[in-house]
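Student: Once you've had a glance at the structure underneath, I'll fire off some questions.
The values are calculated or read from the model by the stated rules, or taken from the named source; none is laboratory data. Remember, it's a predicted structure, so these values are computed and weren't measured experimentally. Heads up, the Cβs are rebuilt from the backbone with ideal geometry, glycines too, and the neighbour counts pull from every protein chain shown. When the accessible area is computed, the model is the full protein with side chains, heavy atoms only, and any ligands, DNA or RNA have been set aside. Shrake-Rupley method; radii C 1.70, N 1.55, O 1.52, S 1.80 Å.
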Amino acid sequence: MQLASQGTVLLLLRVLVHWDLVQRARGRSAFQGTVTPCGDSDVESEQMRVLKGRTGGDLLVLCNLRKSYGGRRGAEAVRDCFGLLGASGAGKSTTFKMLSGDIAPTAGHAVVRTSSGEDVALFSAGAAGVRIGYCPQQDALDELLTGWEHLRYYCSLCGIPKQHIPEVAGDLVRRLQLGAHANQPVATYSGGTKRKLSTALALLGRPDLLLLDEPSSGMDPCSKRFLWRVLTEEVLEGCAVVLTSHSMEECEALCTRLTIMVNGSFRCLGSPQHLRDRFGAGYVVRVACEEGSAARAVSDCLGLHFPDVRLQGQRLNVLEYHVPRRRDCLADLFRVLADNKTALSIRHYSIQQPTLEQVFIDFAAEPQPTPRAAPGPATSSHRPHGLPV
Ligand SMILES: Nc1ncnc2c1ncn2[C@@H]1O[C@H](COP(=O)(O)OP(=O)(O)O)[C@@H](O)[C@H]1O
Ligand SMILES: [Mg+2]
């Protein structure tokens, strides 16, 4: 009788201790919380996906991770190459510092998925066999040591056997084009070369998760492309990459998904093409007028044919308009501008689709709440940006 009651109590205790596993077995997410309204349907449905536990092949999942210097929160899951964009001070490096353990989050948590499919807290990832490489925004290099010395030292720290160190270090020197500098002390390196070495150190030991905080800042265009090739190779081999960059070209080249962060929270989410389609619907029209001609006349003429046209800004005698997309809009624009070129003293004009850079500028310059539902192609979800008018 005593044994039976003892056994029942111990079984109950065990169930309580492993309650999270029971929850998972019942198909419920280990994450608790509610969706934080943020004004963007993509970000909110991503939060819902995380909270419902539908994070399938994602290696890193952040749930309501927050650092309060007055900041906000977000829920996000990561696979492939994920871009974290935002103006300076948006909170990108703070997010990385929380992920790398440099600073403790005020709330929320991050989990990584092990190769056996188990979710473990980020701080115990190493013990669970998940390798994380981190390239901080500020290079953590010793000015007196050479590139080779750094690589050899970090190889030892990673536990790479002594006989394999020359091969591993040599491979990284070759892949990141560090050969010409690897024998020189870091004090002689340019900013871009230091970033290459910092990235090489993050890549040591074939990480499962790479956190790269502005890895390409200060790099020349050729070096950037070598870096992109290296990162693409890593992603193809199954590494999950989280990247910040101020180069939209880089994000287009590398990121399968990206978010734009404003004041510590995600304001949009999706592939570069999705963000361009959703937030960049319409055309940007630039009109260069002759000196002394009336800019007002150009605005009036465009307004007559395109009632939704909006003057975005003016630099010297160049006027910039946004025209929402509609059927035959492009042909009409060319026709109206060509017909009135002489009468309006237009020197030249151009019409183009908004770029990802334009979408970024709009978010960074005008942090207004975005529309809740995804608008159709002809709606004006486009926000004005801060060009001087
Ligand atoms: N240790 C700190 N104490 C107080 N505020 C900080 C600290 N570190 C960063 N911040 C502030 O948090 C915000 C986000 O900073 P950061 O993450 O470095 O931005 P980003 O990397 O996007 O440029 C900034 O406004 C910054 O001034
Ligand atoms: Mg930063």
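Student: Can VAL298 be described as in contact with a Phe, Trp or Tyr (Cβ under 8 Å, 6 or more places away or on another chain), of a type in the set (A, V, I, L, M), crowded, with 21+ Cβ neighbours inside 10 Å and at pLDDT 90 or above? Can you show your working first?
Tutor: Values: in contact with a Phe, Trp or Tyr (Cβ under 8 Å, 6 or more places away or on another chain): no; of a type in the set (A, V, I, L, M): yes; crowded, with 21+ Cβ neighbours inside 10 Å: yes; at pLDDT 90 or above: yes.
Judged against the criteria, VAL298 is not a match.
Student: Output the residues belonging to the range 116-140 that are open to solvent by 20 Å² or more (accessible area, probe 1.4 Å), in contact (Cβ under 8 Å) with a residue 60 or more places away in the chain and assigned to a loop (DSSP other than H, G, I, E, B).
Tutor: ARG131, PRO136, GLN137 - these are the residues of the range 116-140 that are open to solvent by 20 Å² or more (accessible area, probe 1.4 Å), in contact (Cβ under 8 Å) with a residue 60 or more places away in the chain and assigned to a loop (DSSP other than H, G, I, E, B).
Condition check ((1) of a type outside the set (S, T, N, Q); (2) in contact with a Pro (Cβ under 6 Å, 6 or more places away or on another chain); (3) outside the structural domain of VAL230 (by TED's automatic domain parsing)) across all residues:
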position: GLU250; (1), (2), (3): yes, no, no
position: ALA288; (1), (2), (3): yes, no, yes
position: PHE306; (1), (2), (3): yes, no, yes
position: VAL318; (1), (2), (3): yes, no, yes
position: VAL323; (1), (2), (3): yes, no, yes
position: LEU337; (1), (2), (3): yes, no, yes
position: GLN353; (1), (2), (3): no, no, yes
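Student: I've got another one for you. Tell me, please, whether a residue that is touching a Cys at 6+ places or on another chain (Cβ under 6 Å) and on the phi > 0 side of the Ramachandran plot can be found in the range 94-110.
Tutor: Checked against the condition, which is being touching a Cys at 6+ places or on another chain (Cβ under 6 Å) and on the phi > 0 side of the Ramachandran plot, the range 94-110 yields at least one hit.
Student: For ASP171, indicate whether it is open to solvent by less than 50 Å² (accessible area, probe 1.4 Å) and touching a strand residue (DSSP E or B) at 6+ places or on another chain (Cβ under 7 Å).
Tutor: On the way: open to solvent by less than 50 Å² (accessible area, probe 1.4 Å): yes; touching a strand residue (DSSP E or B) at 6+ places or on another chain (Cβ under 7 Å): no.
Considered against the rule, which asks whether it is open to solvent by less than 50 Å² (accessible area, probe 1.4 Å) and touching a strand residue (DSSP E or B) at 6+ places or on another chain (Cβ under 7 Å), ASP171 comes out as no.
Student: Quick check on the range 157-166. Is at least one of its residues at pLDDT 95 or above, in a loop (DSSP other than H, G, I, E, B) and either open to solvent by 30 Å² or more (accessible area, probe 1.4 Å) or farther than 30 Å from ARG54 by Cα (or both)?
Tutor: The answer is no, given that none of the residues of the range 157-166 is at pLDDT 95 or above, in a loop (DSSP other than H, G, I, E, B) and either open to solvent by 30 Å² or more (accessible area, probe 1.4 Å) or farther than 30 Å from ARG54 by Cα (or both).
Student: A further question follows. Which of (1) without any contact (Cβ under 8 Å) to a residue 24 or more places away in the chain; (2) touching a His at 6+ places or on another chain (Cβ under 6 Å) does GLY303 not meet, given it meets every other one?
Tutor: All conditions are met except number (2).
Student: Okay, moving on. Spot the failing condition for LEU144; the list is (1) in a helix (DSSP H, G or I); (2) modelled with pLDDT of 95 or more, and only one is missed.
Tutor: (1)
Student: Another question about this same structure. Condition first: over 21 Å from VAL241 (Cβ atoms) and either surrounded by 22 or more Cβ atoms within 10 Å (Cβ to Cβ) or modelled with pLDDT of 80 or more (or both). Now tell me which residues in the range 69-88 satisfy that.
Tutor: As a first pass, look at the range 69-88 and keep what is over 21 Å from VAL241 (Cβ atoms): 69-73, 87-88.
Those that are over 21 Å from VAL241 (Cβ atoms) and either surrounded by 22 or more Cβ atoms within 10 Å (Cβ to Cβ) or modelled with pLDDT of 80 or more (or both): ARG73, ALA87, SER88.
Student: Out of LEU197, LEU211, LEU201, which single residue is in contact with a Phe, Trp or Tyr (Cβ under 9 Å, 6 or more places away or on another chain), of a type in the set (A, V, I, L, M, F, W, C) and farther than 21 Å from THR95 by Cβ?
Tutor: Values: LEU211 fails: farther than 21 Å from THR95 by Cβ; LEU201 fails: farther than 21 Å from THR95 by Cβ.
Exactly one residue qualifies, and that residue is LEU197.
Student: Can you go through ARG310, ARG296, ARG315 and tell me which one is under 15 Å from PRO354 (Cβ atoms) and either more than 16 Å from ligand 1 (Cβ to nearest atom) or more than 29 Å from the chain's Cα centre (by Cα) (or both)?
Tutor: Working: ARG296 fails: under 15 Å from PRO354 (Cβ atoms); ARG315 fails: under 15 Å from PRO354 (Cβ atoms).
One residue alone meets the criteria, ARG310.
Student: Also, quick follow-up: Taking ALA107, is it in contact with a helix residue (DSSP H, G or I) (Cβ under 7 Å, 6 or more places away or on another chain), at pLDDT 85 or above and either surrounded by fewer than 16 Cβ atoms within 10 Å (Cβ to Cβ) or small (Gly, Ala, Ser) (or both)? Working first, answer last.
Tutor: Values: in contact with a helix residue (DSSP H, G or I) (Cβ under 7 Å, 6 or more places away or on another chain): no; at pLDDT 85 or above: yes; either surrounded by fewer than 16 Cβ atoms within 10 Å (Cβ to Cβ) or small (Gly, Ala, Ser) (or both): yes.
When the stated conditions are applied, ALA107 does not pass them.
Student: Could you say whether any residue in the range 137-145 is under 20 Å from the mean Cα position of the chain (by Cα), hydrophobic (A, V, I, L, M, F, W, C) and within 16 Å of ligand 2 (Cβ to nearest atom)?
Tutor: No, the conditions are met nowhere in the range 137-145.
Student: Quick check on my filter: what residues within the range 47-58 are open to solvent by less than 30 Å² (accessible area, probe 1.4 Å) and over 21 Å from CYS239 (Cα atoms)?
Tutor: Here is the first cut: in the range 47-58, the residues open to solvent by less than 30 Å² (accessible area, probe 1.4 Å) are 47, 50-51, 55, 58.
Result: GLN47, LEU51.
Student: Taking GLY91 as meeting all but one of (1) at pLDDT below 80; (2) within 16 Å of ligand 2 (Cβ to nearest atom), write down the number of the exception.
Tutor: Tallying (1) at pLDDT below 80; (2) within 16 Å of ligand 2 (Cβ to nearest atom), GLY91 fails exactly one: (1).
Student: Taking the stated definitions as given, is ARG152 at pLDDT below 95, assigned to a helix (DSSP H, G or I) and more than 16 Å from ligand 2 (Cβ to nearest atom)? First the steps, then the outcome.
Tutor: Numbers: at pLDDT below 95: no; assigned to a helix (DSSP H, G or I): yes; more than 16 Å from ligand 2 (Cβ to nearest atom): yes.
Considered against the rule, which asks whether it is at pLDDT below 95, assigned to a helix (DSSP H, G or I) and more than 16 Å from ligand 2 (Cβ to nearest atom), ARG152 comes out as no.
Student: Ok, one more. Whether any residue in the range 225-232 is of a type in the set (D, E, K, R), without any contact (Cβ under 8 Å) to a residue 60 or more places away in the chain and more than 16 Å from ligand 1 (Cβ to nearest atom) is what I want to check. Full working, then the answer.
Tutor: We begin by selecting, within the range 225-232, every residue of a type in the set (D, E, K, R); these are 225, 229.
Okay, now just the ones that are also without any contact (Cβ under 8 Å) to a residue 60 or more places away in the chain, so 225, 229.
Restricting the remaining residues to those that are more than 16 Å from ligand 1 (Cβ to nearest atom) gives 225, 229.
Yes; the residues of the range 225-232 include at least one that is of a type in the set (D, E, K, R), without any contact (Cβ under 8 Å) to a residue 60 or more places away in the chain and more than 16 Å from ligand 1 (Cβ to nearest atom).
Student: Sticking with this one: Starting from the range 87-102, keep only residues that are assigned by TED's automatic domain parsing to the domain that holds ILE260 and hydroxyl-bearing (Ser, Thr, Tyr), then list their pairs with residues that are more than 8 Å from ligand 2 (Cβ to nearest atom) and open to solvent by 30 Å² or more (accessible area, probe 1.4 Å) whose Cβ atoms are within a distance under 8 Å, requiring at least 6 positions of separation or different chains.
Tutor: From residues that are assigned by TED's automatic domain parsing to the domain that holds ILE260 and hydroxyl-bearing (Ser, Thr, Tyr), the pairs are SER93/PRO136; THR94/LYS67; THR94/TYR69; THR94/ILE103; THR95/LYS67; SER100/ILE132; SER100/TYR134; SER100/PRO136.
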